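Single-structure report; data block below.
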Amino acid sequence: MLKKFLSVLLVFLMAVGLFAGCVKVGSDDGITDKTVSIAIQPSAAFIPLFIARENGWIEDELEEYGVSVVWYDFESGPSMNESIGKGETDLGVMGDVPTVSAIDSGQEREVVAISAQAADSYAVLVGVDSDISSPADLAGKKIATTIGSTGHNLVQKYLASGGISLDDVELVDSNTSDMAYMLRKGQVDAVALWEPNVTRIVDSGSGRILGVGSDCGLAGTNTIVGRKEFTQANPTTVRVILEQYKRAADSLDDVPASVWKKVARYLSLDESQVKAILPKYNYTVAISQEDIDALNDTISFLSSIGSIEEYDISSYCNDSYFKAE
């Protein structure tokens, strides 16, 4: 009887061992936490993450490691920054200004990847019947943008490309949601903002594009950031997420119509508008020197207007999680 019992016990222990071998959890595997919380916001700069979520790719890959995924939706970078800062979320996608501002405020962050380079997703628009046709024509005009945003940086660079400065215009601080009305009603002569707001204004007939980021050296770099405490303790989890982001970026031509419909709904656009703005985004993922330079340029701009202190972003960029092939 004892021999039989020991035989059964041995078989049981072997089965448990085999089962445990299918779940790769442990610090030696680059995974400490069994849950990862991902923050996302409605911007075309992060379309691959929407696609990966809709397809369940991240969940499928992390299941092998016994890691579950929790998604959190935010409207903008500042609220996402607050969540990551509190430790409620671990990774997030955001624009250049929220990225560098959080680090300046003392939050322990790492830039783990680039979600998109999108210079032409940022634009200066004028009224459809405006006679303004160059940066120099904006001298003495009213320009609405969100002070301290990438749109503000765009205005400065675009004016400089025409030989004038912010001192030569009247800058009006505004929310992106109000700019179409202000332009249509003639309350301002121009607005500076980003997609998908640019497309909404153009398609509604409220304005036309005067200039874009690539006309004046604005890179439009968007990032994937993480809490340093989490990323360094869970490099395998971070790597898997970035690999699935790249997988989605590489499969944009093969996305089913049903998924595009969900993405469009999330961005409050129709499917044709989403397809039209896609060429404005380069979903590179890997961090390049060009990206570091672009983020440092953002830091210099924000420092020049007194928003943050000057520092070098390279100390906060970690390209070890994802390498370009």
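We did not get these values from a lab; they are worked out from the coordinates using the rules stated. Keep in mind it's a predicted model, so treat the numbers as computed, not measured. Here the Cβ is made from the backbone with ideal geometry for all residues, glycine too, and neighbour counts use every protein chain on show.
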TODO: List the aspartates and glutamates whose Cα lies under 18 Å from the Cα of K262, skipping any in the same chain that are fewer than 8 positions away.
DONE: E54, D73, E75, E195, D253, D254, D270, E271
Task: Nearby aspartates and glutamates by direct alpha-carbon distance to K185 (threshold 18 angstrom, same-chain neighbours under 8 apart not counted) - done: D129, D131, E170, D173, D203
TODO: Between S307 and V259, with labels modelled 7 Å along Cα→Cβ, what's the label distance in nm to one decimal, could you check?
DONE: 3.3 nm
TODO: Name the shape class, rounded, prolate or oblate, that the alpha-carbon gyration tensor gives for the chain, where a ≥ b ≥ c are the square roots of its eigenvalues, rounded holds for a/c under 1.5, and otherwise prolate holds if a/b is larger than b/c and oblate otherwise.
DONE: prolate
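For segment 49-144, which GluC sites (Glu not before Pro) are in a loop by DSSP, counting at most 11 other Cβ atoms within 10 Å?
Those that pass, being in a loop and sparsely packed, are E75.
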- [ ] Report, by chain and number, residues whose modeled amide H sits under 5 Å from the one on I308, excluding near sequence neighbours (fewer than 5 apart, same chain).
- [x] S303
Open item on the list: Quick check: pseudo-label points 7 Å beyond the Cα along Cα→Cβ at D250 and Y181, how many nm apart are they?
Closed with: 4.6 nm
Open item on the list: Within 9 Å, Cβ to Cβ, of S37, how many net charges do the neighbouring residues add up to if Lys/Arg are +1 and Asp/Glu are -1?
Closed with: -2
TODO: Distance check, please: which entries in K275/K323; K157/K280; K246/K323; K246/K280; K246/K275; K34/K86 exceed 21 angstrom between their Cα atoms?
DONE: K275/K323
